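Here the structure is laid out as structure tokens; the discussion comes afterwards.
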Amino acid sequence: NWASWEKYGRTLAAFANNQGGYIIFGIGNRPRQLLGMSNTNFDDVAPEQITSDLNSAFAPELKWEAKTCEINGKQFGILYVDECLAKPIIAKKTIRDGKDIKEGEIYYRYRAKSERIKYAELAAIIEARQKQNLESWLKFIERTARVGVDNAALIDLLEGTISGPGGTLVISEELLEKIKFIREGQFKRREGEPTLRL
């Protein structure tokens, strides 16, 4: 029942801070049997409501999906959350009495349990983030060196500008939303992603 969504939100945040994971509805606790869902609560919740609730409680955004499947004539609900690439996911505010979600807390999925993160896992997340940041800068510097500083330009996706030695080009907000990026080496003139030609 999504009316008490906080425990699901906490678990999804904990999964995202580890390697991602699934919550499956329709399985008994003890013993773990395939019972199937006994009502339509899972299908009745609007995806916008789930996104709104999760975004109100956590940052950065949780990337999740919901699906139903049928096994032996029984319906099961699946909530999946991706591993967050910009860990850690942090609680932005306390929800209700703070029993499940408290402002400033970081949740982590340990074996069969979601709880506040411990030092070792938080230190590993911070170290991995610093390493990722350093690698991004090194790649950027290598590309700039290959092209040459005089031939390079910088796209600022926040401000909508392209800056280079020749000046600055401003892209309108309407146009910025239409730009699609393609992966290097995968461009196909007819079969590729739609691309805006400037």
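The values are calculated or read from the model by the stated rules, or taken from the named source; none is laboratory data. This one's a predicted model, so the numbers in the text were calculated from it and none came from an experiment. Don't worry about glycine lacking a Cβ; one is built from the backbone with ideal geometry, like all the others, and counts go over all protein chains shown. In case anyone asks, the SASA skips ligands and DNA or RNA and just uses the protein heavy atoms, side chains included. Shrake-Rupley method; radii C 1.70, N 1.55, O 1.52, S 1.80 Å.
For the residues Ala145, Ala59, Ala16, a GNM of the chain with alpha-carbon springs under 10 Å puts the largest fluctuation on Ala145. Scaling the Cα radius of gyration of the stretch 54-130 by the globular reference 2.2 N^0.38 Å produces a ratio of 1.32.
Cross-link partners of Lys87 among lysines, defined as those whose alpha carbon lies under 18 angstrom from its own and excluding same-chain residues fewer than eight positions apart: Lys63, Lys102, Lys118, Lys131. Residues considered: Phe15, Phe58, Phe25. Largest GNM mean-square fluctuation over the chain, using C-alpha springs under 10 Å, is found at Phe25.
With the simple spin-label model, which puts each label point 7 Å out from Cα in the Cβ direction, the Thr68 to Ala153 separation comes to 5.0 nm.
Cα convex hull, the stretch 46-91: 76 Å³ per residue, rounded to a whole number. For the stretch 19-66, take every pair of Cα atoms, bin their distances at 10 Å starting from 0, and report each bin as a whole percent. Result, from short to long distances: 20, 42, 31, 7 percent. Sort the stretch 1-90 into rounded, prolate or oblate with this rule: let a ≥ b ≥ c be the square roots of the eigenvalues of the Cα gyration tensor; rounded if a/c is under 1.5, and if a/c is not under 1.5, prolate when a/b is larger than b/c, oblate otherwise. In terms of gyration-tensor shape, prolate.
By the helix-only formula, in which each DSSP H run with n ≥ 4 contributes -39500 (n - 2.57) and the sum is divided by residues, the chain has a 222 nm mean residue ellipticity of -9500 deg cm²/dmol. The charge dipole of the chain, taken about its Cα centre with unit charges on the Cβ atoms of Lys, Arg (+1), Asp and Glu (-1) only, comes to about 760 debye. The mean accessible area for residues of the stretch 65-168, using a 1.4 Å probe and ignoring ligands and nucleic acids, is 74 Å² per residue. All C-alpha pair distances within the chain, sorted into 10 Å bins from zero, spread as 7, 23, 26, 23, 15, 5, 1 percent across the bins.
Surface composition of the stretch 1-146: carbon plus sulfur atoms contribute 50% of the solvent-accessible area (1.4 Å probe, protein chains only, all chains present). Among Ser172, Ser114, Ser38, whose mean-square fluctuation peaks in a Gaussian network model of the chain (Cα, cutoff 10 Å)? Among Ser172, Ser114, Ser38, the largest GNM mean-square fluctuation belongs to Ser172.
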